[in-house]
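Participant: Quick one: the structure is below, and I'll ask about it shortly.
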Amino acid sequence: MARVNNWQIGRDMSYWYPESRPKRQFAAIFDTNKCIACQTCTLACKTTWTSGVGQEYMLWNNVETKPYGFYPLGWDVKLLAELGAQQWKGDVYTGRTVFEAARPGERALGWRPEEYDYAHPNVGEDDCAGSIEKGAAFVEQHMAWFFYLARICNHCTYPACLASCPRGSIYKRPEDGIVVVDQGRCRGYQECVKACPYKKVFFNPMTGTSEKCIACFPKIEQEQQPQCFVNCIGKIRMAGFISRPEDANPDNPIDYLVHVRKIAKPLFPQLGLEPNVYYIPPIHVPTHFTRQMFGPGIEKAIAEYRNADKDLAGLLALFGSSESIMHRWRREGDVVMGLKEDGTEIVRVPLKEPVHERVAYDASLKVQRTNCP
Amino acid sequence: MQLDSRHFSVFLALLLAACSQGGTVAAPPTEIAIQPCAGTLPADPLDPRWQAVAPFPAPLILQDMVEPRLLETSTREVRVRTLSDGARVAFHLEWDDATKEDLPMPASFVDACAVQLPAKTAPDVPAPQMGEPGRAVEIVLWRASWQAVVDGRPDTLQAIHPNATTDHYPFDAASLPEGSDARRAMQLRYSPARALGNDLAGPRETPVQDLLAEGPGTLAPASAHTSTGKGVRTANGWSVVLVRAMPPGLAPGARTQVAFAVWQGAHEETGARKMRTGWMPLFLEVKP
């Protein structure tokens, strides 16, 4: 085991390989407050990548309803139970990561979902599990809560799948940090399936190899965002590249939201993988839940988001506004712009969309029209 | 407990009898003898000619040297018989395994076995754990899942899940005629392991694979696949024949080393998680 630095947990930790960061690291931000679980992202991914024989059950992208939804079943709670209660002290995680808690003979703490665990995505998870007091539906504040969690591979800085592969069949692309399984080399031992805490590596029973999200790297190479990003009708996602905190560039949309404003948080940072998909936490969920899921700083992130100034609101308005990767951004008054790496403008978006109100009845065509707010 | 004189006499008589027989009981073999075989090598594990060969009981030990390790013993012994026709050598492996596992699925693994020899026949053999850099070992691997396909299990999802239904695959499009190159190309597009020529990913025509390794984690397909094999399920486990080329330089009367490995799918054994032997002397008998 080597010692590496994981800024998300505020300390050095043990990892199977020495620290070796890519030239630039693919990263993404998902705004959970905008997701409506329409599953358009899921289908965009499914039709693009996993329509083959043996891939039927695979959802490289999925959206599940928290706290009762899982794909595969219990993916997070099972590992948290195995890991046991752990502690943060401020921004420093003092508990054990999955690498530090590995059982003898293993490289990471993990478990293997069985086939049945993948069998019923989304079924029943929107049912309210709590009891609702009579009349609660009619008061302003909901007595029960849920939110939608969209998930892809986190293309972690310290991937457990990569660490666990005894053959070195999994690697991080040095040019963008995307984690891929070499399909020519994989022998289907499923060590990666067991080790990935997010359960985003899938065994293909027809080829006998394991497969996973590739962040649509052919699109990334063309400076375009992945399929699940550009098809998102809720415009909850933005793809780009992230710097280490000490190198944060406020002009970079990802750096700005993660490092400068600190409103986007990693998923289960305590597991130690330094995942590179960041979530703007749901504002209406009890923070004792979101703190466990997204780490410290949740309250401040929510306060920032609720009181978004023009810069923050402007950058959030850029989400879903272009298929191109926006390496930089700039706000001028009430307009925000997404820019290429060299500063060339890709798109400009008003902070506030203009409202066009149509008359309810078009006399010329003799038709009624509906206005959507 | 104290022995009275009558019991002591009986005990002494038994002890003397046991000692007197000691000279006649054959000592357990210390090396595996490749016996000559007249005619074609028996490729079927149930061929009666195998029963004429005394089995060598090779004790299996845990692979607990490199991660991921196996830390709980499963198969304790593999019984080995060998025959050669001078050009090829056949290994007959038999072991106990209560559960037949031949379907690779998520969190489900298949039964398998392997024979390993040094790539070069020399007194100084490479490390028994998959060889070492610059000093390769040759491995012949048999998997129960491949045997099932060779024995007729179709390469379809329904062979794994008989009740599975699927609405549409991209290669089912009407514009792609059945059997056409265009349809095959579309199938490969959604099967990257097959598209890349990963030879364990495609439909199998043989239940064995020839492999080379130069240390743990370096297993790679051999440049040519010349070995053959067949496995059958027995009442207690598996009986498998693996036939490979005679190790170059192994002349009658000469010795090399051989190692074996067995995987029990029900015990989640795969890859490095296996029961294995160290090197064992392999001796090519001189034809009488």
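Where a number appears in this text, it was derived from the coordinates with a stated rule and is not lab data. Note that the coordinates shown come from a computational prediction; the quantities given were computed from them, not determined experimentally. For neighbour counting, all protein chains shown are included, and Cβ atoms are generated from backbone atoms with ideal geometry for every residue, glycine included.
Participant: Taking the simple approach of a point 7 Å from Cα along Cα-to-Cβ for both A:Y17 and B:T73, what is their distance in nm?
Facilitator: Result for the modelled spin labels: 3.7 nm.
Participant: How many angstrom separate the Cα center of the range A:219-263 from the Cα center of the range B:156-191?
Facilitator: Here the two parts' Cα centres lie 36 Å apart.
Participant: Net charge within 10 Å of B:R81 by Cβ-Cβ distance, Lys/Arg positive one each and Asp/Glu negative one each, not counting B:R81 itself? Please list the in-between numbers first.
Facilitator: Details: positive: B:R49, B:R79; negative: B:E94.
Charge balance near B:R81 sits at +1.
Participant: Moving on. Compute the Cα gyration tensor for the range B:156-202, then decide on rounded, prolate or oblate, letting a ≥ b ≥ c be the square roots of its eigenvalues: rounded whenever a/c is under 1.5, prolate when a/b is larger than b/c in the other cases, and oblate in all that remain.
Facilitator: Values: a/c = 2.30, a/b = 1.04, b/c = 2.20.
Cα axes put the range B:156-202 in the oblate bin.
Participant: Just want the answer: with Cβ charges of +1 for Lys and Arg and -1 for Asp and Glu, which residue in B:G179, B:G202, B:H168 is farthest toward the dipole's positive end in the range B:156-202?
Facilitator: B:G202
Participant: Given charges of +1 on the Cβ of Lys and Arg and -1 on the Cβ of Asp and Glu, with all other atoms neutral, how large is the dipole of chain B about its Cα centre, in debye to the nearest 20?
Facilitator: Numbers: 25 positive and 31 negative charges, 100 e Å.
With only Lys, Arg, Asp and Glu charged at Cβ, the dipole is about 480 debye.
Participant: Taking R0 as 56 Å, what's the FRET efficiency between B:E31 and A:A2 from their Cβ-Cβ distance, rounded to 0.05? Before the final figure, lay out the partial values.
Facilitator: On the way: r = 43 Å, r/R0 = 0.77.
Between B:E31 and A:A2 the formula returns 0.85.
Participant: Find the relative contact order for chain B and round it to a whole percent, using C-alpha pairs within less than 8 Å whose residues are 6+ positions apart.
Facilitator: Numbers: 561 pairs, mean separation 80.8, N = 288.
Relative contact order, chain B: 28 percent.
Participant: Turning to a different aspect of this structure: Take peptide A:165-178, look around each residue's Cβ out to 10 angstrom, count Cβ atoms belonging to other protein chains, and average those counts.
Facilitator: Values: counts 3, 10, 7, 2, 1, 0, 0, 0, 0, 0, 0, 0, 0, 0.
Averaged over the peptide's residues, the number is 2.
Participant: Provide the net charge surrounding A:R107, with neighbours chosen by a C-beta distance below 12 Å and charges set as Lys +1, Arg +1, Asp -1, Glu -1.
Facilitator: -1
Participant: Same structure again: Cβ under 14 Å from B:A182's Cβ, B:A182 left aside: what net charge do those residues give with Lys, Arg +1 and Asp, Glu -1?
Facilitator: Details: positive: B:R183, B:R184, B:R189; negative: B:D172, B:E178, B:D181.
So the surrounding residues net to 0.
Participant: Suppose only helical runs count, i.e. DSSP H with n ≥ 4. What mean residue ellipticity at 222 nm does that imply for chain A under -39500 (n - 2.57) per run, divided by all residues and rounded to the nearest 500 deg cm²/dmol?
Facilitator: Working: 9 runs with 63 residues, N = 373.
Calculated at 222 nm, the ellipticity per residue is -4000 deg cm²/dmol.
Participant: Kirkwood hydrodynamic radius (Cα pairs, Å) of chain A? Don't skip to the end; give the middle numbers.
Facilitator: Details: mean 1/r = 0.0459 Å⁻¹.
With all distinct Cα pairs of chain A included, I get 21.8 Å.
Participant: Still on this structure, please answer the following. Simple spin-label model, 7 Å along Cα-to-Cβ: B:A195 to A:E246 in nm?
Facilitator: 4.1 nm
Participant: Which chymotrypsin sites (Phe, Trp or Tyr not before Pro) in the range A:271-373 pass both tests, a DSSP loop state and at most 13 other beta-carbon atoms within 10 Å? List each step's numbers first, then the result.
Facilitator: Details: sites: A:Y278, A:Y279, A:F289, A:F294, A:Y305, A:F319, A:W329, A:Y361; in loops: A:F319.
For chymotrypsin sites (Phe, Trp or Tyr not before Pro) across the range A:271-373 that sit outside H, G, I, E and B with at most 13 neighbouring Cβ atoms in 10 Å, the list is empty.
Participant: Hey, which aspartates and glutamates would be in cross-link range of A:K235, C-alpha to C-alpha under 15 Å, not counting anything within fewer than 8 residues on its own chain?
Facilitator: A:D31, A:E323, A:E353
Participant: List the pairs from A:K46/A:K200; A:K66/A:K172; A:K172/A:K200; A:K265/A:K340 whose alpha-carbon separation is above 18 Å, in the order I gave them. Let's see the in-between values first.
Facilitator: On the way: A:K46/A:K200 14 Å; A:K66/A:K172 30 Å; A:K172/A:K200 15 Å; A:K265/A:K340 25 Å.
Distance filter (> 18 Å) returns A:K66/A:K172; A:K265/A:K340.
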